[in-house]
Amino acid sequence: MPLLVVGSVAYDAVESPYGKVERTLGGAATYFAVSASFFAHVNLVAIVGDDFHAGDEAILRKRNIDIEGLERRPGKCFFWAGRYSENLNERVTLTTELNVFADFKPRLPVKYQDSKFVFLANIAPGLQREVLRQVSGRPKLVAMDTMNYWIERTNAELRETLKYVDILMINDSETRQLSSEHNLLRAAKHIFKMGPSTLVVKRGEYGAMLVDQNGVFCVPAFPLEEPHDPTGAGDSFAGGFMGYLAGGGAKNDAALRRAMVYGSVLGSFTVERFGLERLLSLRKSEIHARARHFSKLTQFKL
Ligand code: AMP
């Protein structure tokens with residue numbers, strides 16, 4: 001089943017202890033779409049400026065991502081710059097320039113309107129809701145991400161969007177910030193009252209945790225000797241997770257657990273190199289091999 005995503009398509013500048021890139025294709029929707037494209041047909045809704053490079057458009061096309069919903073406008077693409085700490089666990093945002101996103105009015109191409117799987121990647125919550133409003137009927141699954149930037153600046157808008165969402169996928173500090181609860185299980189209960197029935201907490205090198213009415217399920221992060229750049233790991237996790245579900249069409253407990261593993265697999269590949277580099281050389285056989293490795297990593301007898 002096709003998977004609809006709205007979110008940022010951006011240029012990023014990234015500094016980590018392993019190096020630096022001045023301007024590379026990034027954005028939450030980009031990482032999501034490239035990761036999900038290994039499992040499902042992806043329809044992308046976003047906006048870019050006239051500085052969007054033809055080579056970057058070719059990257060999306062090559063992954064078979066539908067870009068009819070990628071609007072072009074005079075102006076500059078979303079730009080984000082960040083710097084990571086020595087151990088890669090913390091990052092500071094140096095610059096966020098919304099540019100063409102500042103007055104984006106998303107319009108869904110007709111063929112996107114009956115989407116059954118929808119991912120609202122990180123972008124202004126008002127835009128996320130506007131996209132959802134144009135989807136006809138009730139989608140089978142709506143998931144979304146957000147970040148501190150939107151929790152702080154557009155909290156009321158964010159709360160409104162959350163009412164229409166099944167799965168919220170955010171990192172641990174965002175979970176605590178949104179719920180005003182330190183304990184993640186208590187935070188989940190708090191968030192369920194806002195709308196979502198499932199919370200997926202992305203915890204960087206500590207893996208990810210899913211909480212829903214059935215209880216809690218955890219996956220580790222794949223242990224890597226030399227991670228280089230965590231940018232986009234969360235979006236790649238979401239892409240692997242939602243791509244796997246949309247590709248299979250199911251959303252039962254067993255499928256959700258496998259989706260958590262495929263999310264973690266895609267996230268782990270992304271951090272191996274800067275930007276999208278590793279994802280663009282990735283083969284499906286490597287994804288499945290790493291998923292099998294995950295199974296071994298977590299097996300034990302009692
Ligand atoms: P992640 O590392 O998964 O949190 O995602 C990093 C990506 O999010 C980068 O490629 C940025 O371009 C994008 N990004 C950063 N800040 C924002 C924001 N405020 N809204 C939307 N996308 C953002």
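Do the conditions hold for Ala54, that is, is it more than 12 Å from the ligand (Cβ to nearest atom), touching a Gly at 6+ places or on another chain (Cβ under 6 Å) and either small (Gly, Ala, Ser) or over 16 Å from Leu127 (Cβ atoms) (or both)? For Ala54, the condition - more than 12 Å from the ligand (Cβ to nearest atom), touching a Gly at 6+ places or on another chain (Cβ under 6 Å) and either small (Gly, Ala, Ser) or over 16 Å from Leu127 (Cβ atoms) (or both) - is not met. Residues of the range 147-184 that are part of a loop (DSSP other than H, G, I, E, B) and more than 16 Å from the ligand (Cβ to nearest atom): Lys163, Tyr164, Val165, Asp166, Ser180, Glu181, His182, Asn183. Scanning the range 214-258 for residues that are at positive phi and more than 16 Å from the ligand (Cβ to nearest atom) turns up Gly215, Gly249. Scanning the range 99-146 for residues that are within 13 Å of the ligand (Cβ to nearest atom) and surrounded by fewer than 18 Cβ atoms within 10 Å (Cβ to Cβ) yields a total of 2. Does Val165 meet the test of being closer than 19 Å to Gly243 by Cβ and buried (at least 18 other Cβ atoms within 10 Å of the Cβ)? It is true that Val165 is closer than 19 Å to Gly243 by Cβ and buried (at least 18 other Cβ atoms within 10 Å of the Cβ).
Evaluation of Pro227 against the conditions (1) farther than 15 Å from Ser264 by Cα; (2) buried (at least 20 other Cβ atoms within 10 Å of the Cβ) shows that the sole unmet condition is (1). Inclusion of Lys301 among residues that are in contact (Cβ under 8 Å) with a residue 12 or more places away in the chain and either more than 18 Å from the chain's Cα centre (by Cα) or within 26 Å of Leu88 (Cβ to Cβ) (or both) is not warranted. For first residues located in the range 214-240 and aliphatic (A, V, I, L, M), partners that are within 16 Å of the ligand (Cβ to nearest atom) and in a loop (DSSP other than H, G, I, E, B) and lie 6+ apart or on another chain with Cβ distances below 9 Å form the pairs Val219/Gly207; Ala221/Arg203; Ala221/Gly207; Leu224/Glu272; Ala233/Ala221; Ala233/Pro227; Ala238/Ala121; Ala238/Asp145.
Any read-out appearing in this document is the output of simple, stated calculations on the displayed coordinates, not a laboratory observation. This is a predicted model, so every value here is computed, not measured. Positions of Cβ are generated from backbone atoms using ideal geometry, with glycine treated the same way; all protein chains shown enter the neighbour counts.
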